[in-house]
Amino acid sequence: MIEFIDIQAVHRLEVATILSPEFIMPVPHVQNLHLIPQPILDAMRPGWLTGHHAPRPVTLTKLFDVFVTEEGLVFTAEKKLITQSVTQHTQDECHRAFMRVQSAHSVPEIRPSALLLRKRGDHNYGHWLIEVLPKLWVAEQYMERPILVVPELSAAMTHVVRDSIALSSHHQPEFLTMRNDDVCFFKELVMVNGLTDHGVYMSPLVFGRTDAMRACVPDAPPQKLYVKRSNSNRQLTDCADIEVMLNRHGFKGVDPSELTLLEQIKVFKAAHIVVGVMGAGLTNIAFCSPSTKIITLAPATMPDTFFAFIAALRGLDYHELRGPMQEEQTTGWDEPFSIMPSQLEALLAA
């Protein structure tokens, strides 16, 4: 049976504590709230309605003699799971990780100091850019060239990870790539905690070097941007008709999954209005100029405040248009849905 332990109760060194600044999160403009199932609406209320977010501590903690497996789960030498390393992991994932650590033999031992750049969902473009990469920016203020513990990813996402670090880091890093089923033992491992609490909180510090990344990319002519999603079930049922409408309004369609990181930054940096289905590619609104109009098209069942937080902290004009699912009884959100074209037309004209 898994035994959990708080990070304050383990062998550790508090490297630093910094204060994330307070901010005001405006209530986002969301249409068709009546379509959102009550449990999902309740889950999003803390993110949408908290308003004033007080200063919060962000901590850098050096742990000694720990195991890492799964998507960044950290266990003590006594095989106790450190609570602060659990980031949206399910019970099954925690149990699987525990059994793996328990039964592991000939575990590689990493002696140089390392920085953990892993969390659940770290293979996702948005999670990496907003919830993982900024940990490096904070840690670099207090650490001298640690080994970076990163996930093993697809070729495209590997390029994103390496390019984003190259654009925003002050050093040439050394990487330790881990698969989810790997187990490694670290003599010294640094964790950064407090930058995000997915769905509930996002620190302004996660955008500490975003403008520096934008500055590395040349300007392009202003454009209206329609963000496409390929190879995804989360699609508009009337996608073709919506594209015709957007083309009529002068929008340029782009699929971020087909672009390099630099190309994504360039097209979003140039956009003065962005329309797209809620998904990882819309994370790039972080690279838009302040006051850029963002229209996010979202399934009624999707419990997500991620993009509203990005928009609020980057000073964007954010609108969310929710639509019914094609399968009426579904509780999933990675499925086809529709929107009312007249509502989108009205947002475009506003």
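Here are some notes:
- Of Ala215, Ala308, Ala286, the one that fluctuates the most in a GNM where the chain has Cα springs shorter than 10 Å: Ala215
- Relative contact order for the chain, counting Cα pairs under 8 Å that sit 6 or more residues apart, in percent: 19
- Reference-scaled alpha-carbon Rg (2.2 N^0.38 Å with N residues) for segment 221-289: 1.05
- Rounded if a/c under 1.5, otherwise prolate or oblate - segment 1-105, Cα gyration tensor axes: oblate
- Accessible surface, per residue, of segment 1-112 when the full set of protein chains is kept, probe 1.4 Å, Å²: 54
- Considering only segment 185-299, percent of DSSP beta bridges that pair antiparallel, nearest 5: 10
- Surface accessible to a 1.4 Å probe, per residue, for the residues of segment 261-350, Å²: 32
- Using a probe of 1.4 Å on the protein chains alone, the accessible area found for Arg179 is around 110 Å².
- Cα lying deepest toward the dipole's positive end in the chain, options Leu205, Ala300, Val149, charges on Cβ: Leu205
- Alpha carbon centroid spacing (whole Å) that separates segment 124-193 from segment 9-63: 22
- Residues Val244 and Asn193, FRET efficiency given R0 of 45 Å [Cβ-Cβ distance, rounded to 0.05]: 0.45
- Full extension of the chain segment joining Thr331 with His52 gains 97.4 nm, where the gain is 0.36 nm per residue of separation less the Cα-Cα distance.
- Largest to smallest in accessible area, the residues Trp333, Trp137 fall in the order Trp333, Trp137 (1.4 Å probe, all protein chains included).
- Ile130 accessible area, 1.4 Å probe, all protein chains in place, Å² to nearest 10: 10
- Full-stretch length increase - Ala155, Ser169 - with 0.36 nm per residue and alpha-carbon distance subtracted: 3.0 nm
- Gaussian network model of the chain, Cα within-10 Å springs - most flexible of Gly51, Gly315, Gly279: Gly51
- Nearby lysines by direct alpha-carbon distance to Lys62 (threshold 25 angstrom, same-chain neighbours under 8 apart not counted): Lys79, Lys80, Lys119, Lys135, Lys187
- Note on Ile40: accessible area is roughly 30 Å² with a 1.4 Å probe, heavy atoms of protein only.
- Nearest 10 degrees, 0 to 90: helix 38-49 Cα axis against the chain principal axis: 80
- Note on Arg111 and Leu19: their simple-model spin labels are 4.1 nm apart, each label 7 Å out from Cα toward Cβ.
- Residues considered: Asp42, Asp219, Asp92. Largest GNM mean-square fluctuation over the chain, using C-alpha springs under 10 Å, is found at Asp92.
- In nm, spacing of pseudo-spin labels at Gln88 and Ala215 (7 Å Cα→C-beta vector): 3.1
The values are calculated or read from the model by the stated rules, or taken from the named source; none is laboratory data. As the structure is a computational prediction, the values presented were derived from the model and not from experiment. For neighbour counting, all protein chains shown are included, and Cβ atoms are generated from backbone atoms with ideal geometry for every residue, glycine included. Quick note on the areas: whole protein, heavy atoms, side chains included, nothing else; ligands and nucleic acids left out. Shrake-Rupley method; radii C 1.70, N 1.55, O 1.52, S 1.80 Å.
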